[in-house]
1. Checking the conditions here, which among SER48, SER18, SER24 is at pLDDT 95 or above and surrounded by fewer than 18 Cβ atoms within 10 Å (Cβ to Cβ)?
2. Consider only pairs whose beta carbons are under 7 Å apart and that are at least six residues apart or on different chains; among these, list those whose first residue lies in region 32-54 and is among the charged types (D, E, K, R) and whose second residue is modelled with pLDDT of 95 or more.
3. Determine the pairs where a residue that is more than 14 Å from GLY45 (Cα to Cα) and touching a residue at least 24 places away in the same chain (Cβ under 8 Å), located within region 63-80, has a partner that is assigned to a loop (DSSP other than H, G, I, E, B) and among the polar types (S, T, N, Q) with Cβ atoms under 7 Å apart, the partner being 6 or more residues away or on another chain.
4. Can you pull out every residue in region 86-112 that is small (Gly, Ala, Ser), in contact with a Cys (Cβ under 9 Å, 6 or more places away or on another chain), at pLDDT 95 or above and under 19 Å from ARG66 (Cα atoms)?
5. Condition first: crowded, with 18+ Cβ neighbours inside 10 Å, of a type in the set (Ser, Thr, Tyr) and either in contact with a Pro (Cβ under 9 Å, 6 or more places away or on another chain) or within 20 Å of TRP138 (Cα to Cα) (or both). Can you find one or more residues in region 54-65 that meet it?
6. Restricting the search to region 93-116, which residues are under 14 Å from ALA81 (Cα atoms) and part of a loop (DSSP other than H, G, I, E, B)?
Amino acid sequence: MKKIITVTFILVTALLVSCHRDDSCYVPIGITNFEIEPNSAEYQGVNSVGGYIYLTGGHRGVIVVRMAYDQFVAFERTCPADSTTAVEISADWGSSLLECPKCHTCFIIASDGMPMDGGATECPLYQYSTSYSGGVLWVY
């Protein structure tokens, strides 16, 4: 009977520990729900593949990058390592990396905003959903 109680205790403890939510990657985000026409002159920064624009919204702003003619990604600019700082396009790497000017962590755009090894965090940038149809891009 003592073995059954011990085994039950170990299993319950293991389940509770494995179900514990990890908040270490929490990044504040704001309400983001907008649409743009990326082929218009107003948004010429994303008129071509590899182009990007900074937009208002979210917590510290949103960056939209055109990955292919009909594929876009949108990231919250809040750095997961320091929520008081907004990431920017890397001066050294162009639109392939976003960099935090405070902690210098670089985030790889093509890898869903994952940080490069050696940065101040292992948490990715928050990625907003996007949908592109009929020349209109929705970011939500």
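The values are calculated or read from the model by the stated rules, or taken from the named source; none is laboratory data. Not measured: the values here are computed from a predicted model. Because the Cβ atoms are built from the backbone with ideal geometry, glycine has one as well, and the counts that use them run over all protein chains shown.
1. On the way: SER18 fails: at pLDDT 95 or above; SER24 fails: at pLDDT 95 or above.
Just one listed residue meets the conditions, SER48.
2. GLU35/VAL136; GLU35/LEU137; GLU35/TRP138; GLU37/TYR43; GLU37/GLY135; GLU37/VAL136
3. What qualifies is CYS79/THR105; PRO80/THR121.
4. From region 86-112, those small (Gly, Ala, Ser) are 86, 90-91, 94-96, 110-111; that's our starting set.
Now restrict to residues that are in contact with a Cys (Cβ under 9 Å, 6 or more places away or on another chain): 86, 90.
From what is left, the residues that are at pLDDT 95 or above are 86.
Across region 86-112, there are no qualifying residues.
5. Checked region 54-65: no residue is crowded, with 18+ Cβ neighbours inside 10 Å, of a type in the set (Ser, Thr, Tyr) and either in contact with a Pro (Cβ under 9 Å, 6 or more places away or on another chain) or within 20 Å of TRP138 (Cα to Cα) (or both).
6. So the first thing to find is which residues in region 93-116 are under 14 Å from ALA81 (Cα atoms), and the list is 98-107, 113-116.
Scanning region 93-116 gives CYS100, PRO101, LYS102, CYS103, HIS104, THR105, GLY113, MET116.
Yes/no per residue for (1) exposed (fewer than 13 other Cβ atoms within 10 Å of the Cβ); (2) under 16 Å from GLY50 (Cβ atoms); (3) in contact with a helix residue (DSSP H, G or I) (Cβ under 7 Å, 6 or more places away or on another chain):
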position	(1), (2), (3)
ASP92	yes, yes, no
CYS100	no, no, no
CYS103	no, no, no
GLY113	no, no, no
THR121	no, no, no
PRO124	no, no, no
TYR128	no, no, no
SER133	yes, no, no
